[in-house]
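Okay, so here's the structure we're looking at.
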Amino acid sequence: QVQLVESGGGLVQPGGSLGLSCAASGRAFTILVMRWYRQAPGKPRELVATLTGDSVTNYADSVKGRFAISRDNAKNTLYLQMNSLKPEDTARYYCNVAYKDASTATINAWGQGTQVTVSS
């Protein structure tokens with residue numbers, strides 16, 4: 001199975017930038033899609049950014065032009081670069097990887113999340 005560990009969250013002022021990392025370990029036969037989600041208190045979990053196995057990216061309208069999802073295969077790490085941060089970006093951010101294992105079963109792996117707080 002794949003294990004995910006997020007890092008990079010913290011406190012940042014509005015207009016600032018922050019980079020999140022999601023380190024992956026374990027074995028995956030085929031990566032289907034990699035995603036970043038976020039969840040603020042009292043709000044449902046929201047899909048923020050998607051990176052497919054074909055390297056196609058998609059973003060929520062609320063973050064388009066400000067966030068960028070990427071991966072470093074050599075480091076087995078998924079990234080989310082967040083620029084021009086707004087208070088409404090405050091949330092706990094989670095990485096998610098959907099993959100097929102050797103038995104062809106589809107698995108969703110989740111990290112524990114990292115808190116991002118945007119405040120002056």
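A few remarks follow.
- Low-density loop cleavage sites - trypsin sites (Lys or Arg not before Pro) in region 1-90, where at most 15 other Cβ are within 10 Å (DSSP): R27, R45, K64, R66
- In a simple Cβ point-charge model (Lys, Arg +1; Asp, Glu -1; nothing else charged), the chain has a dipole of about 60 debye relative to its Cα centre.
- Hits among lysines - C-alpha to C-alpha of K64 under 17 Å, sequence gap 8 or more where chains match: K86
- Remark: spin-label model distance W110-S84 equals 3.1 nm, labels positioned 7 Å along the Cα→Cβ axis.
- Computed over the chain, the Cα gyration tensor eigenvalues convert (square root of 5λ each) into semi-axes of 25, 13, 13 Å, ordered from largest to smallest.
- Hits among lysines - C-alpha to C-alpha of K75 under 25 Å, sequence gap 8 or more where chains match: K100
Readers should treat all values here as calculations from the given coordinates under stated rules, not as data from a laboratory. Since this is a predicted model, take the numbers as computed values, not measurements. Cβ sites come from the backbone with ideal geometry, for glycine too, and all protein chains shown count toward neighbours.
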